[in-house]
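The values are calculated or read from the model by the stated rules, or taken from the named source; none is laboratory data. Just so we're clear, the structure is a prediction, and the values are computed from it rather than from any experiment. Using ideal geometry, Cβ is built from the backbone for each residue, glycine included, and neighbour counts are taken over all protein chains shown.
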Amino acid sequence: MKTVPVSTTINGDAAEFICAPDETLLDVLRNRMGLTGAKEGCGTGDCGACSVTLDGRLVCSCLVLGVEAEGAEIATIEGLATGDGLHPLQQAFIDHAALQCGICTPGILVAAKALLDKNPDPSETELRYWLAGNLCRCTGYDKIIRAVQAAARQMRSA
Amino acid sequence: MAFDTEPKRDFKVVGRRVARPDGIDKVTGRALYGADMSAPGMLMGAILRSPHAHAEIVSIDVTAAVALDGVKAVVTGADFADAMDAATADVRDNCLARGKVLYDGHAVAAVAAASGAIARAALDLIKVEYRVLPSVTDVDLAMRADAPVVQAGRAVEVVPVGLSENVTDHCEFGHGDPEAGFAAADLVIDRSFTTAATHQGYIEPHACLASMGPDGKADLWCTTQGQWAVRTACSAILGMRASQLRVTASEIGGGFGGKTTVFIEPVALALSRKAGRPVKIVMSRTEVFRATGPTVASSIDVKIGMTKEGRITAGTATLRYTGGAFPCGTVAMGAQAAFAAYDLAAVRTFGWNALTNRPKEAAYRAPGAPQAIYAVESVVDELCQKLALDPLEVRLLNAAREGTRSSYGPTFEAIGLEATLEAAKAHPHYAAPLAAGQGRGLSCGFWFNFGGNTSVSLTINTDGTVGITEGNPDIGGSRAAISQMAAEELGIPYEQVRTVIADTSSLGHNDVTDGSRVTFAVGLAVIKAARDAIAKMCARVARIWGIDPEAVEWVDGAARPTGPNAGTFPPMTLAEIAALSFKTGGPIAGHHESNADGAGVSFGVHLVDVEVDRETGATKVLRYTVFQDAGKAVQPDYVEGQMQGGAVQGIGWALNEEYIHDAEGHLLNPGFLDYRVPVASDLPPIEAVILEIPNPGHPYGVRGVGETPIVPPLAAIANAVSRAAGVRLTALPMSPPRVLKALTAQG
Amino acid sequence: MVAVTLWGSLRPFADGQTVVEVEARTFKEVLDRLAEAYPGLRPQIERGVSMALDGKIYREAWFAEIRPESEVVLMPYMTGG
Amino acid sequence: MRYARPETATEAVGLLANEAGVTRVLAGGTDVLVQLRAGSVTPDLIVDIKRIAGLRAITPEAGGFRIGAAVSGAELGEHAALCALWPGVVEGCNLIGSTQVQGRATMAGNLCNGSPAADAVPGLVAAEATARIEGPTGPRECAVADIPTGPGKTAVQRDEIVTSIFLPARPARSGDAYLRFIPRTEMDIAVASAAVNLTLATDGTIAAARVVLGAVAPTVVLVTEAATALIGNRPDAATLATLQAACSAACNPIDDKRGTAEFRTQVAGVLAKRATLIAYARAGGSL
C-alpha cells in the first residue's frame, strides 16, 4: 500500500509523518510518533482509551485515519502537562486515587479536559454522560468523578 | 507472623492516603504497558483462530503463508514441546490447538511478519481443513449422557462412572443432616438458578514482546499478573530451561484474574525462536473475548429451610459449572464458599464441572464464589420475604462468627461478618425511604484470601533512602502500600522509599498477583525484610558503640541504646548508619522469602437500591453502599477503590454482561459494544465503608481486600429487583428482556 | 493421633469415613500417612490439597506443626483471581 | 487502498464512478473505520468528503436548515436555532455513540450506513426531511424515508454521495421527540426506538402527526395507524393506548443478541407513547 505524507501539529509542535491510507491516527501516534500514551482497548470506538482531540474536538483516534490529520491540530495526553507542572486534572487524579491500573487514565484525562474547556462547572450527571465513552474496569468510576469535580473546582477558582 | 498486639501500634505511615509512586507516569502517558514496548528489528505476530466451536483439524497447510513476502515464521501446535504436566499441557493446547479445535476462536497457527498487515494477510493464506463436530456450550446439556464429548478421558477418579465424559470433576462439602434440618423448618424453598459466563473485561488487551537468540536465551516483556508463572509455563511449553528465559512484567492494564495464565506469550517465543528476531503480539479486543478466559457459566440448585423466627435449619446446593473446553476446578471454591456466611448445623454442597465448547476459563475475582453465593443469598432473601422477616436481622441471626464451624469445614477464627452487618444496619442507607417502584437489596459476600510464595529484597542506600524490590505486578496501587509498610517498619518517611517490581532474573519466585494476596503477603515479607535490615543495622551500631547487639533497639528510624548496661549514646539514624555502611562491613540489605499463610478470610455486605421500569424491564441502580472488613487499611483510598470497582463489576454481571453463543457455538458478542460493561452514566456514587478488624495472621492486621467485593452484588441486585418489581429472577444477567418477560408473565 | 476431616467427595476413598485419624506432627506427615493408609487419596493429594489448621488455611506448608488437639481439615488446593 | 480528498462534490462523484473496485465514502468514519478494522470491507478507494465546500455547514434555508453531510453530531447539538426548531431530530443524532463518536459521526453517515437501528433516521423520517444526492448527472432530491431499503442497503447508488440533509420549516405549535431503548444508559445500539413529530391545533388537539419506529423491522417504519390515532385527540390515556397498540402491531422485528422480537415489539409501543408526551409538551400542549 502506497504511503502518504501528512503534515500536522501534535501538542503544539509541527509534525510530519508518512502513513498507509488505512492506518489509524492511533497507530500513527503510537507506532510512528512514539506517543504511546493513547491506548488501544478496542479499536472500534467503544472504550475511549485512545481519546485525543482533533482540532479541539474530542475523538477516538482509532476511528480517525492518519491521513485525515492533514493540516489538523492534535492534542494527546503527552501534551497535557506543561513543563514541570501537572495539569490540575492530572494532580487531582493522583490526589483522589482516581486510577488503579491506569490504562484508561490517559483517555479519561483527555476527555475530562475537553469537557472542562467547554463547561467549567458540569453537574455529576453531565460528567458521567460525557465520560460514558471512556470505559474503566477498575474503579467503578466513583473516584474518577470526584477527581474531575475537584479539578474543576480548582480550575474555576484559579 | 502473628498480629503485633504489644505494644499497640500507633501507625505513622500505614493508613495514610499517600500518593502512589507510579501516579505521575500514569497520568502523563509515560507508563509502559504491554503493547507499548518495541525492539529493533521487531516483527509483528498474528494468530489464526478457529471459525468453528468444535472440529477436528485434518490438516494445516502453511506453504502459501510462508511464501508471502515479509513473512518470517509460521508456527502451529507442533512447534511446542510434548512432555509436561497435564495442567500445563492444557495451557499449551489452549495457546495453539493440537488435533482438535475446542471453541470458536481457538488458536490454530501464528505468523510473524515485517508488519501487522502482512502478518494478517498471511493468516488468510493458511489452509486449514476442518472436520466439523457437534458442539455444546450449555452446562446442563453438556452433562447429559448424549452430549457431544469435548474431550474424552479427562475425569478425575472422584467422578462416578456412567456420566457424560464431559464431567471432569466432582466435589462434596458440608456437615450435619440436612434432611433433619429441612424437617425442622417452617418453610423450605428449593430454586434453580443460572449465571452467564462473564469476562474480566480488563481494558488492556494481552500483549507481549518476545526475543530469543540462537543461543536459546530469551527475554519476554508482557502484561501479566505474574511474571514467574509466565516463565514457568512458557519454559515448559517451549522446552526451555527456566534460567534461560527472563520475563519482565510491563505495567498492567487490569487483570482481575484473567492475566494469571498465558495465551500469546509461548506463541511469540516460538515465532521469535523460528524467525531469529523479536516478535510482538497484541491481541485485538475480539481476540480477547473469543480466546481468553471468561469465568465459568453455571447452573445451580439451592434448597434452604428456615423457621418462622428466621433461623436457618439446613441448606444444600448443587453447583454445575463449566470452565470451558478444559478441566477446571473452580466449582470446588464455589461449593466451599456458598454457605460461608452462615452458622449452620446442617449444610451440604455438591459441585460438578463439565467441559463445553467455550474458551478455557481463567480466574475472575473470587473465582467460583459469586455464582454460588448469588444463588444462596437469593433463596435466603425469598425466605425472608415469604416469612415477612427483615433480611438484615436474619443474616445477623444466622451469621458465622468466631468459633462457627464453617460450611467448608474449618472453624472460623476472628471474622468480621457480624460487625459488617451491624455497620450496614446502623448506616443511614438501610433506613432511607424508598419511592414506589423502588426496592432495596442486601447480600453477604465471602472470599478465602490467600498468601503464597513471596520474595522481597530491601536495600539501604548510602544516602539514607530505601529501595524495595518485589515481584508482584501492581494492578491497583500496591507499590504505595508496600512502600508504606516499609517506611512504617523502618521509621522513615514514605517519600524515602521506592518500590520497583523485578523481572524473573532479579528476585526469587513470587506467585501471581491473585487471591487478594499482595498487600497481605508482600506486605508481610517487606516487614520481615525491614526487620532483617534493622537487625543488621543494630548490629553495626553495636560494633560502633562497642556494646552488645541486644543493647541496641530501633525506634523511630534510629538505633538507640537500651537496657541498663548500654551506656548513653545519641541515636544513630538510618541515614547515618547508611552513610557509614562501607566502613562498617559493606552494603546493608534485608530480604525475606516465604510461602505466606494466614491471609484471613474476608466478608462483605452490600446494600443497593434499584428502580425497575415496569414497561421496559430496565433496572436503574439508585444507591449503592459497600461494607467490608478490610483488616488494617494500609492505603484507604485503594481499599475503597477495590470495594467500589468490585461492586461495579458485580453490577455489570447482575444486569447486562454475558457471553452469548449461537446454536453452533459461535460467540456473538466479542466486543465492548455488545458485551456491556457498566459505563459511568449507568452508576450512582458507590459508597465504601471500611471496617478494620485486624487479621490475626499479619503484624499490622492486614487482610486481603480485592476479591470479596465482586461477590455480593449479584444477589443484592436480584433481591432489590425482586422487591422493586415483585418478580424473582433466577437467571443472570437480569437484562431488560428477561425482566420484562417476568413482569409480563406476572401480569 | 490427629483427627483429619476430609471433604465429602473423598469419603469413598477413605472407607466411607469423613474423619480419619493419623499419627502426624506436620502437614507432610498427614499427607504421607493418608496416602499410605488410603491409596485412593493419592491422586488427589498429588493434584494438590490445602489444609486448614485451627481455622487458618495453609496451601502448601509441609512443615506446619500439628498438635494432637489441632483441628485439621483437608481442602482442595485453591487459587484466586 | 487509496485515499482521496476531493474538494467538490462533482470531483467526489467522478472518483467513485471511475473506481472499478470497492469504494467507501468517508465522512465521520465511525462506521467505516469499524468495518475496516473488522475486515468486513476492504475498499480499494476511500473518498473523504469532509473538505468539500459547504459540507460542514448548517445553513438556514426556507425557514428550515440545510445540514451538510459532514456536520458532526456535536456540531448539530451546539447549533441553538436548529435544536430549537427540531429538538427530536438533534437528540436522535446526539444519541449515536459516545462524546468521542459525536465529535465525528454525521447524520448523513448514519443514514447511509443503512442500519435499521440508526438513531438519526426515525427523527428525520418523522420530520419529512429530504436528502440532496450528488450523482453523475448532477444533484437529485430524495425523501430520507426512501433511502433505507434494507439492513445495510440504501437507495444511494455507488457513484452517488449524499451532500446535505434538509430539515424543513415547521408550523407553529409543533414539537418532535426521539426515544430509544438500550440496556445501558449510553454506548449501545438501539434495541427499539420511536420518533414522533406533532403539530397541534389551537385547541391543543393534535392536528398532524408522524410516528416512526426504528430497530423493529428491516427499515424504519412509518406507522400511519399510530398517527391516525393521535390526530384530532389529545394524548390522553385512551389515545396513547391505541397508539401503543398500533405501534406494536406495526413491528416486524428479529430475535438477536440485543433483544428478542417480543421485547422489541412491546417496548417500541412504550417508547412511542413516551415520545408522544415529550413531543406534545414541546409543541406547547398541556394535558
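Here B:GLY590 meets each of (1) under 37 Å from the mean Cα position of the chain (by Cα); (2) surrounded by fewer than 23 Cβ atoms within 10 Å (Cβ to Cβ); (3) not assigned by TED's automatic domain parsing to the domain that holds B:ASN695 with one exception, condition (2).
Checking each residue in region A:60-71 for being more than 20 Å from D:GLN102 (Cβ to Cβ) and more than 7 Å from every other protein chain (Cβ to nearest Cβ) picks out A:GLY66, A:GLU70, A:GLY71. Scanning region A:72-84 for residues that are touching a residue at least 60 places away in the same chain (Cβ under 8 Å), in a loop (DSSP other than H, G, I, E, B) and facing another protein chain (nearest Cβ under 9 Å) returns a single hit, A:THR76. Looking at region B:265-346, the helices (runs of 4 or more DSSP H) lying wholly inside it that each contain 3 or more residues that are over 21 Å from B:ALA375 (Cα atoms) sit at B:265-275, B:285-291. Counting only residues that are under 13 Å from B:MET240 (Cα atoms) and not in a helix (DSSP H, G or I), how many does region B:78-97 have? Residues in region B:78-97 being under 13 Å from B:MET240 (Cα atoms) and not in a helix (DSSP H, G or I): 5 in total. The listed residues are D:VAL125, D:VAL121, D:VAL101, D:VAL162, and the only one of them that is outside any loop (DSSP other than H, G, I, E, B) and either within 14 Å of chain A (Cβ to nearest Cβ) or modelled with pLDDT under 95 (or both) turns out to be D:VAL101. Here the condition is being touching a residue at least 40 places away in the same chain (Cβ under 8 Å), in a loop (DSSP other than H, G, I, E, B), more than 9 Å from chain C (Cβ to nearest Cβ) and under 25 Å from B:LEU729 (Cβ atoms); of B:LEU434, B:LEU442, it holds for B:LEU434 alone. Looking only at region B:28-68, filter to residues that are of a type in the set (Val, Ile, Thr) and within 29 Å of the chain's Cα centre (by Cα); which one of those is nearest to the other protein chains (Cβ to nearest Cβ)? Filtering region B:28-68 for residues that are of a type in the set (Val, Ile, Thr) and within 29 Å of the chain's Cα centre (by Cα), the one nearest to the other protein chains (Cβ to nearest Cβ) comes out as B:THR28. If the condition is being of a type outside the set (Gly, Ala, Ser) and free of Cβ contacts under 8 Å to residues at least 60 places away in the same chain, then region A:43-61 contributes A:THR44, A:CYS50, A:VAL52, A:LEU54, A:ASP55, A:ARG57, A:LEU58, A:VAL59.
Within region B:683-738, the set of residues being touching a residue at least 40 places away in the same chain (Cβ under 8 Å) and at positive phi comprises just one member, B:GLY701. Taken over region A:1-37, the residue count meeting the criterion of being in contact (Cβ under 8 Å) with a residue 24 or more places away in the chain, touching a Cys at 6+ places or on another chain (Cβ under 8 Å) and over 21 Å from A:GLU78 (Cα atoms) is 1. Residues that are buried (at least 24 other Cβ atoms within 10 Å of the Cβ), in a helix (DSSP H, G or I) and in contact (Cβ under 8 Å) with a residue 12 or more places away in the chain are absent from region B:662-679 altogether. Give the number of residues within region A:89-133 that are under 17 Å from A:ILE77 (Cβ atoms) and more than 7 Å from every other protein chain (Cβ to nearest Cβ). Matching residues across region A:89-133 total 13.
Residues in region B:618-633 that are buried (at least 24 other Cβ atoms within 10 Å of the Cβ) and out of contact with any strand residue (DSSP E or B) (no Cβ under 6 Å at 6 or more places or on another chain): none. Applying the condition of being within 14 Å of chain A (Cβ to nearest Cβ) and aromatic (Phe, Trp, Tyr) to region B:655-679 and asking which residue is farthest from A:THR44 (Cα to Cα) yields B:TYR675.
Taking the condition polar (S, T, N, Q), surrounded by fewer than 24 Cβ atoms within 10 Å (Cβ to Cβ) and closer than 19 Å to D:ALA127 by Cα, does D:THR219 pass? Answer is yes for this residue. Whether any residue in region D:147-157 is more than 14 Å from chain A (Cβ to nearest Cβ), within 12 Å of the chain's Cα centre (by Cα), part of a strand (DSSP E or B) and over 17 Å from D:VAL270 (Cα atoms) is what I want to check. Yes, region D:147-157 has at least one match. Just so you know, in region D:232-275 the residues that are touching a residue at least 12 places away in the same chain (Cβ under 8 Å), away from chain B (no Cβ under 14 Å) and among the polar types (S, T, N, Q) include one that is nearest to D:ALA208 (Cα to Cα), and it is D:ASN233.
Picking from residues in region A:34-59 that are aliphatic (A, V, I, L, M) and within 9 Å of chain B (Cβ to nearest Cβ), the one that is surrounded by the most Cβ atoms within 10 Å (Cβ to Cβ) is A:ALA49.
So that you can scan it fast, the table gives a plain yes or no per residue for (1) assigned to a helix (DSSP H, G or I); (2) buried (at least 24 other Cβ atoms within 10 Å of the Cβ):
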| position | (1), (2) |
| --- | --- |
| B:MET485 | yes, yes |
| B:VAL500 | no, no |
| B:SER505 | no, no |
| B:GLY508 | no, no |
| B:THR513 | no, yes |
| B:ALA535 | yes, no |
| B:ALA539 | yes, no |
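For region D:10-49, the set of residues classified as charged (D, E, K, R) and either in contact with a Pro (Cβ under 8 Å, 6 or more places away or on another chain) or over 25 Å from D:GLU128 (Cα atoms) (or both) consists of D:GLU11, D:GLU19, D:ARG24, D:ARG37, D:ASP44, D:ASP48, listed by residue number. Check B:ALA89, B:ALA121, B:ALA145 and return the single one that is within 14 Å of chain A (Cβ to nearest Cβ), surrounded by fewer than 19 Cβ atoms within 10 Å (Cβ to Cβ) and either farther than 30 Å from A:CYS50 by Cβ or among the aliphatic types (A, V, I, L, M) (or both). Only one candidate passes the filter, namely B:ALA121.
Among the residues of region B:160-181, those that are surrounded by fewer than 19 Cβ atoms within 10 Å (Cβ to Cβ) and of a type in the set (A, V, I, L, M, F, W, C) comprise B:VAL161, B:LEU163, B:ALA180. When B:ARG17 is tested against (1) of a type in the set (Lys, Arg); (2) in a loop (DSSP other than H, G, I, E, B); (3) touching a Ser or Thr at 6+ places or on another chain (Cβ under 9 Å), just one condition goes unmet, and that condition is (3).
Across region A:129-158, the qualifying residues are those that are of a type outside the set (A, V, I, L, M, F, W, C) and surrounded by fewer than 24 Cβ atoms within 10 Å (Cβ to Cβ), and the one among them that is farthest from A:ASN119 (Cα to Cα) is A:ARG146. So is C:ARG11 facing chain B (nearest Cβ under 9 Å), under 26 Å from B:ALA86 (Cα atoms), surrounded by 17 or more Cβ atoms within 10 Å (Cβ to Cβ) and without any contact (Cβ under 8 Å) to a residue 60 or more places away in the chain or not? No: the conditions fail for C:ARG11. Determine whether B:PRO685 is surrounded by fewer than 24 Cβ atoms within 10 Å (Cβ to Cβ) and either touching an Asp or Glu at 6+ places or on another chain (Cβ under 8 Å) or at pLDDT below 95 (or both). Against the criterion (surrounded by fewer than 24 Cβ atoms within 10 Å (Cβ to Cβ) and either touching an Asp or Glu at 6+ places or on another chain (Cβ under 8 Å) or at pLDDT below 95 (or both)), B:PRO685 qualifies. Here B:GLN635 qualifies as within 11 Å of chain A (Cβ to nearest Cβ) and touching a Gly at 6+ places or on another chain (Cβ under 7 Å).
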